[in-house]
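Note sheet for the following structure.
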Amino acid sequence: MTRMQRVAILVTGINLVLMVLSLSRSAVAQGDPHVLRGRSLELVDASGQVRAQFNVEPDGEAVFRMRDAAGTIRVKLGASANGSGLTLIDETTEPGVQIIARRTATAGRPATTSISLSSGKGRRTITP
């Protein structure tokens, strides 16, 4: 194991301990020591690269993102008052599979409930 790898593991361990301490203080402050509370949760690999992230956006949407080793988002799952969605992103960083559950279109999000499948050969969308 190289010196840089040991330093990266040490820094990752320190970050994990600090995160747990920070989140545990939030849980105790809320009065239930069995519940872990926070505004964001990140999982990192051995080099400290964020690989998964769960957070609440400023607009209230809860979002879970998973990244590959290069840091590119490959999976996104979101839930808000306007519905929910799942996107699976291919190697070209384009959506390969997109599932949206929403009955009412909005100006910013015109798509309603649908499943879209995409490839280099085209796109197919299934709607109710």
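Throughout, read-outs are computed from the coordinates displayed, never taken from laboratory work. Owing to the predicted nature of the structure, the values given are computational and were not obtained by experimental measurement.
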Problem set entry | In sequence order, calculated HN-Hα J values of region 44-49 (Karplus, 6.51, -1.76, 1.60; Hz; x Gly/Pro) | 10, 8, 4, 8, x, 6
For this session: Specify whether the C-alpha gyration tensor of region 41-128 places it in the rounded, prolate or oblate class, a ≥ b ≥ c being the square roots of the eigenvalues: rounded for a/c under 1.5, otherwise prolate if a/b is larger than b/c and oblate if not.
Result: oblate
